[in-house]
Structures are given as structure tokens and as C-alpha cells.
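The values are calculated or read from the model by the stated rules, or taken from the named source; none is laboratory data. Computed from a predicted model, the values in this text were never measured in an experiment. Heads up, the Cβs are rebuilt from the backbone with ideal geometry, glycines too, and the neighbour counts pull from every protein chain shown.
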Amino acid sequence: MNIHRPRDEGTAYEMRAPAIKSELVEVTRGTPMGELLRRYWHPVGLTADAGATPKKVRALGEDLILFRDGADKAGLVHARCCHRGTTLYYGKVEARGIRCCYHGWLFDTQGHCLEQPCEPEGGLFKEAVRQPWYPVEERYGMIFAYMGPPDRKPMLPRYECLENMDEGEFVEADDTSLGGGGPAIIPCNWLQHYENVVDPFHVPILHGSFSGAQFTMAMASVPNVQFERSERGVTVRSTRKMDDGKTFYRVTEAALPTLRVVPNPRVAQFARVESIGWVLPIDDTSFRIYVAGRVKQQGDIGRMRSKMNGKFWWDLTEEEHQRFPGDYEAQVGQGAITIHSEEHFAQSDRGVVHIRRMLQEQIEAVARGENPIGVSFDEHAPPVTFEAGNYIREA
């Protein structure tokens with residue numbers, strides 16, 4: 001007997017069980033992406049964040065404490081004291097390190113236990129314990145941490161666009177998630193934002209027809225785009241014809257694992273890129289962005305922040321958020337972790353396909369015991385140079 005099956009009507013009832021690409025989005029230690037990310041340096045605070053008051057830091061799913069001892073050395077240690085597990089957030093920063101509030105054990109910036117005041121003779125076996133810690137270095141107004149295997153620690157890179165100043169310029173750092181379109185901490189997976197760097201087609205739609213021309217009219221038209229893989233990541237080359245017959249040529253780069261090398265969308269000048277952003281995965285469902293750039297006046301980076309309906313994001317009403325959505329709404333609107341099994345990619349998504357494939361390839365390289373792209377162990381290596389920038393081409 002033939003049984004007639006109703007055809008697929010395309011209703012939500014027929015949807016498959018949701019699935020995510022966990023290997024690309026999970027960042028804790030031991031996960032594929034977590035191990036890849038731990039082979040690079042990541043900013044965990046501004047230089048001023050390390051001081052005499054312990055500061056909470058959460059990075060790659062780990063709870064840490066940042067401080068600066070009396071010798072002006074920054075330290076980054078795990079929050080749980082290795083003695084009895086209370087948090088060092090309530091510790092006291094002293095000349096030689098940070099002292100736990102519970103039993104007074106003192107740890108230096110590299111986790112060595114210096115004193116155990118409740119133990120005989122100040123701790124006969126204090127050398128046998130060590131507070132978990134991570135190496136840190138300071139550069140460009142930020143504190144960078146290396147959270148990976150010690151024997152694979154690369155050099156902290158330098159970047160040409162932050163090394164060579166134009167007249168009157170200096171480097172300023174910002175931790176307000178400039179480019180994220182919302183608050184300092186953004187409640188969704190980091191990859192939902194990072195993929196946005198190589199998605200130039202969202203600009204004329206999201207930042208143009210929906211939110212109004214947030215940037216300049218030069219950015220409002222749909223560009224002609226070429227996507228290329230480079231030795232660092234993915235390069236996006238966009239061209240737009242201008243009214244005077246010249247061509248607006250814009251280059252954006254996503255450098256693995258988290259660097260967003262995006263020229264000023266307001267096209268304030270036609271020149272090389274003036275800033276770099278680092279996307280820091282806080283955990284699987286939140287991230288923040290640190291930015292360092294060349295400026296001429298203090299606060300210039302913060303003044304690059306976009307407005308919707310003439311207001312900053314935090315000043316909008318709920319109705320305005322709905323009427324004038326930006327990057328925050330579009331990316332957080334995908335959910336805490338987007339459902340990858342429900343995506344339907346098209347030609348305009350080629351940049352996202354490239355970046356996912358490159359991340360997957362580097363995950364596999366690390367699993368084979370290799371070093372990922374973009375790391376250097378040469379202390380004399382020249383600064384990394386990016387192509388990114390806004391340029392004019394003659395007709």
C-alpha cells in the first residue's frame with residue numbers, strides 16, 4: 001500500500017535540530033579554538049588597569065587578577081589562591097607582590113610564594129607551591145598576556161602603523177569595544193563579531209538603509225569586492241566609483257586570530273590604517289574589543305564611536321534600538337552562540353567562509369604540533385605591515 005507523505009511546506013516544524021560549530025567558538029583551555037587562541041598574545045587591560053588595587057580580568061574563560069607591584073611590574077595571576085581557594089581580588093598589593101586576605105600568603109608577579117606568615121618560620125616549604133600566573137608585557141598603552149604553553153611563547157608583535165607616527169601623532173588605547181556598536185562587554189560569541197570584519201556588504205544595508213548613513217556617503221553604496229587569503233588572514237578589497245570619476249579603494253584585513261585592521265569608516269583621510277582592534281573572547285558567550293591607534297588629541301579614538309539617530313548606543317530607547325539597529329543588535333541578535341546549522345551562505349559571504357576555513361586549518365596545525373600562522377620567535381623581526389587603509393585611485 002502506498003502511503004502518501006505530505007510535502008515539505010517549509011514551516012518551522014520541519015527545521016533540523018540546531019547545531020553549532022563548537023570547534024570554532026569554544027575558547028576554554030583544552031578546546032580546539034581555545035588552544036589555538038592560547039598560542040598568541042592577547043590584551044587583557046589598559047596600562048592604567050594594573051595598579052595597587054587588584055582588578056578582575058576574565059579572558060578565554062579564565063578568571064584572573066591583574067595588579068602592579070611596588071617595583072612597577074605588572075602581574076596576572078589566577079583569581080583563586082592556591083592555598084585555600086579564596087579570590088585574590090580582595091588581596092593587598094605590596095612592594096613584592098599580592099598578599100591573600102585569608103591567611104596572608106604573598107605571591108610575586110610570577111606566582112612565586114614569598115611568605116606564609118601562619119606557617120613555622122614564615123613557611124619552610126613555600127618554594128613548593130606556586131600561584132598559577134601568566135606572562136605579561138606592556139605595549140601601545142595596553143597589557144598583553146600569553147596564556148599558552150610556555151615552550152611555544154612567541155614574541156609580542158609590533159605593528160608598523162602603531163610604530164611610525166605622522167607629524168603630531170601619538171598612540172592612544174581604548175577599551176570601550178569601539179567597533180562593537182554597544183557596551184564595553186558584548187554578550188555573544190566573539191566569532192559573530194570577528195566575521196563581521198570580512199563582511200563589507202553589511203555596511204550599505206545595516207549602516208546605511210537601516211541606520212541611516214552612519215559613516216559617509218562614500219560608504220553608502222554597495223561595493224565591488226575581492227576577497228583574498230594572505231599570510232596573516234583575510235584581505236578584503238572594496239572599490240566604489242565616486243561622483244568625480246575617481247575610485248574609492250578600501251582595504252580591510254582580518255589577521256588571525258582576532259585582529260581587526262579596519263580603516264576609519266568615516267574616511268576622515270585617504271591613508272594607511274590608523275588603528276588596530278583586538279577582539280578578546282571573555283568566554284564562549286561574551287567578548288570585548290581593545291583598540292590602539294595613532295591620534296593627535298587625547299580621546300580621538302573614542303570620538304570615532306558611531307551614533308544612531310544622533311545618539312550614542314546607550315542613550316537610545318528600546319524603540320530606537322529597533323528602528324536604528326547597528327552591529328551590536330545584528331550580532332547579539334544571532335543569539336549567545338549563533339546556530340550554524342541554520343545558516344544559508346550566499347556569494348556575499350565569501351569572506352566569512354575564508355576566515356572560518358583559515359581558523360579551522362590553524363586549529364588542525366596546532367593539533368599536529370605545529371605553530372600557527374602569524375607567530376614569530378625572532379626578537380629582531382620587523383614590525384608587521386598591513387595593507388589596510390582608505391585610498392583614492394585616479395580614473
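Structure above, values below:
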| quantity | calculated |
| --- | --- |
| Pairs, first farther than 23 Å from M142 by Cα and among the β-branched types (V, I, T) in the stretch 68-95, second at pLDDT 95 or above and assigned to a loop (DSSP other than H, G, I, E, B), C-beta under 8 Å, six or more apart | T86/C100; T86/C101; T86/Y102; T87/A79; T87/C81 |
| Residues that are charged (D, E, K, R), touching a residue at least 24 places away in the same chain (Cβ under 8 Å) and either over 15 Å from I205 (Cβ atoms) or surrounded by 19 or more Cβ atoms within 10 Å (Cβ to Cβ) (or both), drawn from the stretch 330-360 | E342, R350, R356 |
| Where G91 falls short, out of the listed (1) over 27 Å from P372 (Cα atoms); (2) touching a helix residue (DSSP H, G or I) at 6+ places or on another chain (Cβ under 8 Å) | (2) |
| Subset tally (residues that are assigned to a loop (DSSP other than H, G, I, E, B) and more than 20 Å from H380 (Cβ to Cβ)) for the stretch 148-169 | 7 |
| Filter pass, A145 being closer than 30 Å to P382 by Cβ and of a type in the set (A, V, I, L, M) | yes |
| Elements of type helices (runs of 4 or more DSSP H) in the stretch 286-395, at least 1 residues being among the aromatic types (F, W, Y) | 327-332 |
| Residue in the stretch 273-283 that is surrounded by fewer than 20 Cβ atoms within 10 Å (Cβ to Cβ), modelled with pLDDT of 85 or more and either among the charged types (D, E, K, R) or over 30 Å from I65 (Cα atoms) (or both) present | yes |
| Residue, farthest from K73 (Cα to Cα), within the stretch 87-142, restricted to residues that are crowded, with 19+ Cβ neighbours inside 10 Å and of a type in the set (S, T, N, Q) | Q116 |
| Residue among R80, R68, R29, R58 that is of a type outside the set (A, V, I, L, M) and not assigned by TED's automatic domain parsing to the domain that holds H112 | R29 |
| Test: residue in the stretch 1-20 that is within 23 Å of E137 (Cβ to Cβ) and either buried (at least 16 other Cβ atoms within 10 Å of the Cβ) or among the β-branched types (V, I, T) (or both) | no |
| Complete set of residues in the stretch 108-147 that are under 19 Å from D49 (Cβ atoms), in contact with a strand residue (DSSP E or B) (Cβ under 7 Å, 6 or more places away or on another chain), of a type outside the set (V, I, T) and part of a strand (DSSP E or B) | W133, Y134, E137, E138, M142, F144, A145, Y146 |
